[in-house]
1. Evaluate region 1-107: find the radius of gyration of its Cα atoms, find its Kirkwood radius, and give the ratio Rg to Rh.
2. Can you check how the C-alpha radius of gyration of region 74-140 compares to 2.2 N^0.38 Å, as a plain ratio?
3. Going from the alpha-carbon gyration tensor of region 173-233, what semi-axes, largest first and in whole Å, does one get by taking the root of 5 times each eigenvalue?
4. Jot down the per residue volume, in cubic angstrom and as a whole number, of the convex hull over the alpha-carbon atoms of region 1-62.
5. Among 131, 220, 37, which comes first, second and so on when ranked by fewest other beta-carbon atoms within 10 Å?
6. Over all alpha-carbon pairs of region 9-193, lay out the pair-distance distribution in 10 Å bins, whole %, shortest bin first.
7. P(r) tail for region 107-240, what percent of Cα pairs lie past 17 Å?
Ligand SMILES: [Zn+2]
C-alpha cells in the first residue's frame, strides 16, 4: 500500500460535498440522515459532521480524523456517531478508499423486510455490486453496529442494515457512491419484477425502548410511541433472501433483555448529556415501558 495514491485534502472535501448533493437529490437521505467518508492517507479520513443535511454542506463543516477515531480538525460540529461504522470498514479492509451510508427508500424497505439482494437478474448489479447481505439489527450509532458489518468488509461491497438503511464502500469514494446508486436501482428492479414487498419486521419492544431512551437523552419527551413486536425478528444476518429473517429464527436465547439506562450509562462510561436527572429518566422509562405493554 506504500505507493497507493490518495486524493488530496482539497479533492476529498470536494468529493464529499458532491456525493452529499447527489445523495440528497436522489432522495437517498431525509433531514440530516446519512454519512460520507473519504480516505486521504493510510490512517486518515475526512468525514461528514452530525446533524447537517448532506445536500447543503460546506468544506469548513467537514471533520478530519485518524482511523482510530482521534479528531485532527473539525468545524463547529463533530462527526456522526455512525462514523464508527466507517472507521471499522477502513480498518477491516485497507483497500477501501471511501464509504457511504444512507437510507434509500427501496433498499431500506428490503432491510426492514430482512431480505438480502441476491438474485442474478441483470449484469450490472452482478458485476459492479454482487450480492448484498442484510445484517442483523443494532441501534443506529451504537457500539455494536460496527461489529455487525465487520465480517463482510472484505468479501462484499455493500450491506443492508436491518430496519435501518444501506452502507457501501469502494476503492474510491465515487466507487462507493456508485455502488449505493446501483443498490437502490437493483432493489427497485427486484421490487418491480417480484412484487411489492409486503413484509416488515417491526422493531421489538426492547429495541423501541432503547430508541426512546436515546430520544429522552436528547431532551425530547414528546413524539408518541408506536406499537412494537414482543420478540425481535431482525437479529440474524440474512445472506440469501431464500431464508428471510422470521420469527422462527429468533430463539429465546438470542433475545436481549432490556437494560435500564443508568446501568448502561455507568457500565459503558457514558455521560448523561440531557439535563434530566437519573430519577427523571427512570420515571420516563417506566412510563414508556408501561405504554409499550399497553397499560395506558
Ligand atoms: Zn443511518
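Any read-out appearing in this document is the output of simple, stated calculations on the displayed coordinates, not a laboratory observation. Here the structure is a predicted model, which is why all the values come from computation and not from measurement. Neighbour counts run over all protein chains shown; Cβ positions are idealised from the backbone, glycine included.
1. 0.95
2. 1.35
3. Over the Cα atoms of region 173-233, the semi-axes work out to 32, 19, 10 Å.
4. 79
5. 220, 131, 37
6. With 10 Å bins starting at 0, P(r) equals 10, 42, 37, 10, 1.
7. 61
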